[in-house]
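Q: Quick one: this structure, given as structure tokens, is what I'll be asking you about.
Rule-based calculations on the coordinates, nothing more; no lab input. If you're wondering where the values come from, they're calculated on a predicted model, not measured in any experiment. A quick note on method: Cβ atoms are made from the backbone with ideal geometry, for glycine too, and the neighbour counts reach across all protein chains shown.
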Amino acid sequence: MMQSVVNGRREATLTVVVGSSTQQLQAVDTVIDTGFSGFLSLPSAIITTLNLPWSASDIVSLGDGSETLFDLYTAVVI
């Protein structure tokens, strides 16, 4: 069973484990987004630490309606 916590900013948070194809794992505290589209944003330090492989670049729509270019990486989320 997954359990979440509401933080001081009234955001629902959840700890997930992110892994790479080399079996490296790292716990990441996340904020649950009601507009979840199947992608998880990660800090570049975690991408580097896990040596996640680059997949593509794509234009992504943000919550405020603006669009920006993001690099996409492949990872496993447990």
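Q: From Val60, Val76, grab the single residue that is touching a residue at least 40 places away in the same chain (Cβ under 8 Å) and surrounded by 10 or more Cβ atoms within 10 Å (Cβ to Cβ).
A: Val76
Q: Considering Ser55, Ser21, which residue is small (Gly, Ala, Ser) and either exposed (fewer than 10 other Cβ atoms within 10 Å of the Cβ) or assigned to a strand (DSSP E or B) (or both)?
A: Ser55
Q: While we're here: Which ones in segment 2-18 are farther than 24 Å from Ser55 by Cα and surrounded by 13 or more Cβ atoms within 10 Å (Cβ to Cβ)?
A: Across segment 2-18, the qualifying residues are Ser4, Glu11, Ala12, Thr13, Leu14.
Q: Could I ask something else about it? Sort through Asp29, Asp33 and tell me the only one that's within 14 Å of Val77 (Cα to Cα), acidic (Asp, Glu) and surrounded by 10 or more Cβ atoms within 10 Å (Cβ to Cβ).
A: Asp29
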